[in-house]
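Below is one structure, written out as structure tokens, with a few remarks after it.
The values are calculated or read from the model by the stated rules, or taken from the named source; none is laboratory data. From a predicted model like this one, the values you see are computed outputs, not experimental measurements. FYI the Cβ positions are ideal-geometry reconstructions off the backbone, even for glycines, and counts take in every protein chain you see. In case anyone asks, the SASA skips ligands and DNA or RNA and just uses the protein heavy atoms, side chains included. Shrake-Rupley method; radii C 1.70, N 1.55, O 1.52, S 1.80 Å.
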Amino acid sequence: MTAAFEVAAQIAADIDALPQRTTATVRKVRREHSRTLRTADAAFVIELARGLLSRDRRNGRSGLRWVAYELIRNHKPAFESLDDALLEELGQGMNSWDTVDDFSRTLSGPAWLDGLASDALIRGWATSDDLWWRRAALVSTVALNMRSYGGEGDTPRTLEICEMLAADHEDMVQKALSWALRELVWHDADAVQHFLDAHDEHLAARVKREVRNKLTSGLKNPRR
């Protein structure tokens, strides 16, 4: 077992030892390990993340996947080492909305925003036969438009991915499409309205309802 995989085993053991396992308590463990990894090199942190992902896939250990992603995101050299090939590797095994969103919001979206992931990579996900990769393409646009991520609004790239998936009626893709468009509303409401008008016959009713609510009230589902 490599040193990085030994640390992965220790992180898993620390999480197992928690008297109460919640997002907050698991994140506390992750933060403690992030502090000890501050001076580690990028390759070590990436290998550690691989160890956690391997355990997640092998043992069905829900929770280790997002810990792996956060360890990379909170280690500047490791995050800056991301590229198309590494992102595709780290995303393997996504099989639910939460695993996709952990990956896309923590790694692929911010990496795309920072120029570490290519437009071609995200386009490729949008045309995947796997609905989870298609969702990942849409959720990755969130970072382009979310201020807390440093996004300043990116209408062309956001709408390119949305157009590619406008007629996709998989439920998890519809929900992500709505999210992507609603996040863009803050920066370019006119472009979002034009998108709704142009794709009205293809868009799912959920998408049209939620995005129009956002445009008119600022809320996804305003109270009546």
ask   = Relative to the present Cα-Cα distance, how much length would full extension add between THR155 and ARG58 at 0.36 nm per residue of separation?
value = 31.0 nm
query = What FRET efficiency, computed as 1/(1 + (r/R0)^6) with R0 = 30 Å and r the Cβ-Cβ distance, is obtained for GLN20 and ASN95, rounded to the nearest 0.05?
reply = 0.70
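One-quarter of the Cα convex hull surface for the range 15-67, in nm²?
Numbers: hull surface 14.9 nm².
If you wrap the Cα atoms of the range 15-67 in a convex hull and average its projections, you get 3.7 nm².
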note = So, for the Cα atoms of the chain, Rg and Dmax in Å stand at 18.5, 58
note = Quick tally, 1.4 Å probe accessible area for TYR69, TYR149, sorted with the most first, runs TYR149, TYR69
ask   = Toward the positive end of the charge dipole of the range 1-125, about the Cα centre and with charges on Cβ (Lys, Arg +1; Asp, Glu -1), which of ILE46, PRO77, THR23 goes farthest?
value = THR23
ask   = Looking at the range 118-184, which GluC sites (Glu not before Pro) are DSSP coil and have at most 14 other C-beta atoms within 10 Å of their C-beta?
value = GLU152
inquiry  = Under 10 Å, Cα contacts only: if you run a Gaussian network model on the chain, which one of LEU37, LEU107, LEU181 comes out with the highest mean-square fluctuation?
reply    = LEU37
key: Between the range 101-178 and the range 11-29, the alpha-carbon center distance in angstrom   = 30
message = Quick check for you: which residues of the range 60-104 have the amide N under 17 Å from the point 7 Å beyond the Cα of ARG27 toward its beta carbon?
response = 63-75, 98-99, 101-104
ask   = Under a 5 Å amide H to amide H cut-off, with H placed in plane at 1.01 Å, what residues pair with ARG21 once short-range neighbours are removed?
value = none
task = Quick one: grab Rg to one decimal and Dmax as a whole number for the range 171-224, Cα atoms only, in Å.
result = 10.2, 28
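Computed FRET efficiency, Cβ-Cβ of LEU215 and ALA42, R0 35 Å: what is it to the nearest 0.05? Provide the component values of the computation, followed by the final result.
Working: r = 42 Å, r/R0 = 1.20.
Taking R0 as 35 Å, the efficiency between LEU215 and ALA42 is 0.25.
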ask   = When the chain is modelled as a GNM with alpha-carbon springs shorter than 10 Å, which of GLY150, GLY63, GLY91 fluctuates the most?
value = GLY150
message = Tell me the net charge near GLU152. Cut-off is 15 Å between Cβ atoms, GLU152 excluded, with +1 for each Lys or Arg and -1 for each Asp or Glu.
response = -2
key: Debye intensity ratio I(q)/I(0), log10, the range 71-121, q values 0.22, 0.30 Å⁻¹ (C-alpha model)   = -0.77, -1.28
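So for the range 11-129, averaging the separation of alpha carbon pairs under 8 Å that are six or more residues apart and normalising by length, what relative contact order in percent results?
Working: 96 pairs, mean separation 25.1, N = 119.
That works out to 21 percent.
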key: Residues in the range 82-116 reached by a label modelled at HIS169 [backbone nitrogen below 18 Å; 7 Å Cα→Cβ]   = none
task = Select from TRP125, GLN10, TRP186 the residue farthest towards the positive end of the dipole of the chain; place +1 on Cβ of Lys and Arg, -1 on Cβ of Asp and Glu, and compute about the Cα centre.
result = GLN10
key: Mean residue ellipticity (222 nm) of the chain, computed from DSSP H runs ≥ 4 via -39,500 (n - 2.57), nearest 500   = -21000 deg cm²/dmol
